[in-house]
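Heads up, the thing below is written out as structure tokens.
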Amino acid sequence: MVEVLVTGGAGFIGSNFVRYALRSHDDWHVTTLDKLTYAGRRENLHDVIDHPRHTFVHDDIGNAAVSAPLVEQSEIVVHFAAETHVDRSIQSAGEFIRTDVEGTFVLLEAARRAARLRRFVQISTDEVYGSVPAGASRETDELKPRNPYAASKAGADRLAYSYWATYNVPVIITRASNNYGPYQFPEKVIPLFVTNAIDDIPVPLYGDGKNVRDWLHVEDHCSALDLLIDAGTSGEVYNVGGGNEVMNVDLTNRILSTLGKPSTLIKPVADRPGHDRRYALDTTKLRGIGWAPRMPFERGLTDTIEWYRTNDWWWRPIKEADPAFRSYYEAQYGRR
Ligand code: NAD
Ligand code: TYD
């Protein structure tokens, strides 16, 4: 069996990747290491948590007593674990530094000693490039992160690179654009707006609504990672972008019209401080090794809306009962 460690595997992308990995590789044993923060949920893995080739470990990546032996026994590490929400990082950045930077450091130290390790995938983000007024970011572009989340991810991204350059740890770094799909925590714009709209609750659109994001279906992200584990070159960075640039206001209108809800549900609210205007990725490098996104945005968005519509067992308990979410949700509404 190929031992694969997935950190943050109970989160949105991680849980989709665990499912993808178990489905695609009969010879992989996958260990999920997850702290189960507010964003990490066993429910995200409900159909695979007891899979015979899956082991779940509930712990912090920063706890070397647990995380280091897991890294040391692995052939492949896919490191998703992070604090991920920009608005939370603006309110309080400490956990972002602890998990995204220091937690990554703990894993990388263990990776130096991992004799069987052939791939360490550092999951980074397009946000490390900062706001891109025109054109598309290339892997060689300067990093200009503009919020504490993006800065902590940039720190981890470059730290991982340094462990390749200095210690020859087989690191690759992937910078993906905004993901969407099932099991995304309903603080992020698509699941928040979809689940609000289902309940006829206004959707808080920041600023003028003209910010642009490039949307990538989570399955397409998983297929890129799967390819790069073997086909990637250590020390290299790969952009993973969906090629679907959409303005927030257009995204919002599409969500509302798909659900048959009126545009009067749009509630303009104060802008996010330092709100990045636009992200866009040049994906020539990844396409050059045979990857292309398969999911057309139109279909991916409709399927995703349908998933939230038919899986309210998954999101209602989060929105109604989770105190961490509720206070955050109330804080959002306080901005009206
Ligand atoms: P998420 O917030 O849904 O999940 C994060 C997971 O990490 C949760 O399960 C959480 O419990 C776990 N975690 C947090 N701190 C931990 C710690 N100290 N130890 C162990 N586990 C911990 O995030 P996501 O959207 O799935 O993002 C996953 C990764 O992909 C992150 O590194 C993020 O920066 C990156 N990324 C996300 C997007 C996106 O659009 N969501 C885009 C590009 C890159
Ligand atoms: P988000 O899902 O938080 O992802 P990111 O900030 O990492 O891109 O936000 C996506 C876009 O949607 C971003 O431009 C901010 C905007 N947005 C709103 O307008 N209202 C909201 O309530 C949220 C959460 C986001």
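Going by the structure shown, is THR7 among the polar types (S, T, N, Q), over 14 Å from the mean Cα position of the chain (by Cα) and within 14 Å of ligand 1 (Cβ to nearest atom)? Let's see the steps before the verdict.
On the way: among the polar types (S, T, N, Q): yes; over 14 Å from the mean Cα position of the chain (by Cα): no; within 14 Å of ligand 1 (Cβ to nearest atom): yes.
Answer is no for this residue.
You will find that of ALA65, ALA115, ALA39, the residue that is crowded, with 16+ Cβ neighbours inside 10 Å and hydrophobic (A, V, I, L, M, F, W, C) is ALA39 and no other. Of everything in the range 119-129 that is part of a helix (DSSP H, G or I) and touching a residue at least 60 places away in the same chain (Cβ under 8 Å), the residue that is farthest from ligand 1 (Cβ to nearest atom) is TYR129.
Looking only at residues that are surrounded by fewer than 16 Cβ atoms within 10 Å (Cβ to Cβ) and more than 10 Å from ligand 1 (Cβ to nearest atom) in the range 16-36, which one is farthest from PRO182 (Cα to Cα)? Walk me through how you get there before you give the answer.
We begin by selecting, within the range 16-36, every residue surrounded by fewer than 16 Cβ atoms within 10 Å (Cβ to Cβ); these are 23-24, 26-27, 36.
Imposing the further condition that a residue be more than 10 Å from ligand 1 (Cβ to nearest atom) reduces the set to 23-24, 26-27.
On the way: ARG23: 17, SER24: 19, ASP26: 24, ASP27: 26 Å.
The extreme case among them is ASP27.
Of the residues making up the range 173-205, those that are more than 30 Å from SER162 (Cβ to Cβ), within 16 Å of ligand 1 (Cβ to nearest atom) and touching a strand residue (DSSP E or B) at 6+ places or on another chain (Cβ under 6 Å) are TYR180, GLY181, ILE190, PHE193.
Checking each residue in the range 212-239 for being surrounded by fewer than 21 Cβ atoms within 10 Å (Cβ to Cβ), of a type outside the set (D, E, K, R) and assigned to a loop (DSSP other than H, G, I, E, B) picks out THR233, SER234, GLY235. Of everything listed in (1) in contact with a strand residue (DSSP E or B) (Cβ under 6 Å, 6 or more places away or on another chain); (2) open to solvent by less than 50 Å² (accessible area, probe 1.4 Å); (3) away from ligand 2 (no atom under 16 Å from the Cβ); (4) farther than 17 Å from GLY14 by Cα, the single unmet condition for VAL106 is (1).
Among the candidates ALA151, ALA136, ALA165, single out the residue that is among the aliphatic types (A, V, I, L, M), farther than 19 Å from ARG272 by Cα, in the same structural domain as ALA81 (by TED's automatic domain parsing) and within 16 Å of ligand 1 (Cβ to nearest atom).
Details: ALA151 fails: farther than 19 Å from ARG272 by Cα; ALA165 fails: within 16 Å of ligand 1 (Cβ to nearest atom).
The unique qualifying residue is ALA136.
Quick check on LYS267: is it outside any helix (DSSP H, G or I), open to solvent by less than 70 Å² (accessible area, probe 1.4 Å) and not assigned by TED's automatic domain parsing to the domain that holds HIS85? Judged against the criteria, LYS267 is not a match.
The set of residues from the range 155-167 being in contact (Cβ under 8 Å) with a residue 12 or more places away in the chain and open to solvent by 10 Å² or more (accessible area, probe 1.4 Å) comprises GLY155, ARG158, LEU159, TYR161, TYR163, TRP164, ALA165, TYR167. Screening GLY209 with (1) of a type outside the set (A, V, I, L, M, F, W, C); (2) away from ligand 1 (no atom under 15 Å from the Cβ); (3) open to solvent by 20 Å² or more (accessible area, probe 1.4 Å) gives one miss only, at (3). Residues in the range 1-15 that are open to solvent by 30 Å² or more (accessible area, probe 1.4 Å) and touching a Ser or Thr at 6+ places or on another chain (Cβ under 7 Å): 1 in all.
Report yes if some residue within the range 130-147 is in a helix (DSSP H, G or I) and buried (at least 17 other Cβ atoms within 10 Å of the Cβ); otherwise report no.
Of the range 130-147, the ones in a helix (DSSP H, G or I) are none.
There is no residue in the range 130-147 that is in a helix (DSSP H, G or I) and buried (at least 17 other Cβ atoms within 10 Å of the Cβ).
Scanning the range 279-305 for residues that are open to solvent by 40 Å² or more (accessible area, probe 1.4 Å), in contact with a Ser or Thr (Cβ under 9 Å, 6 or more places away or on another chain) and either closer than 25 Å to PRO202 by Cβ or outside any loop (DSSP other than H, G, I, E, B) (or both) yields one hit, THR302.
The values are calculated or read from the model by the stated rules, or taken from the named source; none is laboratory data. None of these values were measured; they are calculated from a predicted model. We place every Cβ from the backbone using ideal geometry, glycine too, and count neighbours over all the protein chains shown. For accessibility, only protein heavy atoms count, side chains too; no ligands or nucleic acids. Shrake-Rupley method; radii C 1.70, N 1.55, O 1.52, S 1.80 Å.
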